[in-house]
1. If you take the beta carbon distance between residue 390 and residue 181 as r and set R0 to 35 Å, what does 1/(1 + (r/R0)^6) give as a FRET efficiency, to the nearest 0.05?
2. If you count, for each residue, the other Cβ atoms within 10 Å and average over each peptide, how do 262-268, 28-34 line up from highest to lowest?
3. Of the peptides 121-129, 295-303, how do they stack up when ordered by the mean number of other Cβ atoms within 10 Å, highest first?
4. Round to the nearest 0.05 the FRET efficiency obtained for residue 371 and residue 200 when R0 = 30 Å and r is the Cβ-Cβ distance.
5. Calculate, for residue 107 and residue 291, the FRET efficiency according to 1/(1 + (r/R0)^6) with r their C-beta to C-beta distance and R0 60 Å; round to the nearest 0.05.
6. Gain in length, residue 326 to residue 129, computed as 0.36 nm per residue apart minus the alpha-carbon separation, to one decimal in nm?
7. Can you tell me, using C-alpha contacts under 8 Å and at least 6 residues apart, the relative contact order of region 86-203 as a whole percent?
8. (1) 25.3; (2) 22.1; (3) 24.5: which one is Kirkwood radius over Cα pairs in Å as calculated from this entry?
């Protein structure tokens, strides 16, 4: 089957899945290409898509820049497609729900989640209002779904595709079990639709939220107060002899070990590398790194923020890195990372490299609330030679468009 055109976006974007699912129901498919906002936003691209955002769609017939329009195009390509309704009433209802997904779900979802993830400024009254408005929309949807399996008619339409894909961010980040219980009809509808084969094919396995994402302010360095001089303690009276059983001090309970502590010893010492990096020029430190690095005991990962097209001011992007690092407290012993902001205000990206103990992303990292906002791609030892220069540049922040960054050590 020849693709109907090309969609360009970052990986795992549910807004792309919206178009892919619509196309699949009509027996069609898109060619989907990964788009790096830091490299691929060329003058030619901006001439076609002036906003510079993704996803975008290119074909011989039309170029489109809004995900709902791309999905609608796929749904309309098949004559008399059931996705768009058979009557004027059904067609109007489907359009109503597509607009509802944008104005009542996506708008409030963004205003609720993006400040929690550090992408937008966090102003509690605004975030609380967005959460209230989002839940108000879910309440309306819950009422409609009391007697319905699907929104329009008795089979999947583009209305269901638009609504369900727009619900994914909240259902996976902030609506925990207790919150979902308030909207039982919406939850039943969401789980029913996302379990369908074509939805699973393009959305993958969806893990519902267990612990809601919360705002974590970036840590500020504070000066330690000078300790007040200690008062001289009064001489203690000689204590009466204790029984032998009482003399033995209670031993503290042993701290639970990380699985990483149980790995075979490695000749590469993370603390030694961090000292080299901190105390020497990066050109010298990186030589030490490659001379001592142990690819069996450690692994290297390229890390890219998944939602670069949503970033605005560069200082806010850098705060986003800081927020991520703040949630990785347990990983300090096992990881080193350097992530940078590249670009300019309203046109920037977050990316970098992590070195971690073991061969998988450890619990100490993937348990962080916003881990899902980052794509960790493992660099295999066979790729080290070709990646050495890029790794050095990320460790040294040696890019012309690098405007800020943070090191995790």
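Computed from the coordinates by the stated procedures, all read-outs in this text should not be read as laboratory data. What you see is a predicted model, and the numbers here were worked out from it, not measured in a lab. Ideal geometry is used to build each Cβ from the backbone, glycine not excepted, and the neighbour counts take in all protein chains shown.
1. Here the calculated transfer efficiency is 0.15.
2. Listed from highest to lowest mean packing, they are 28-34, 262-268.
3. 295-303, 121-129
4. Given R0 = 30 Å and the Cβ-Cβ separation, E is 0.85.
5. Efficiency, from the Cβ-Cβ distance: 0.70.
6. 68.3 nm
7. The value is 30 percent.
8. Among (1) 25.3; (2) 22.1; (3) 24.5, the one derived from this structure is (3).
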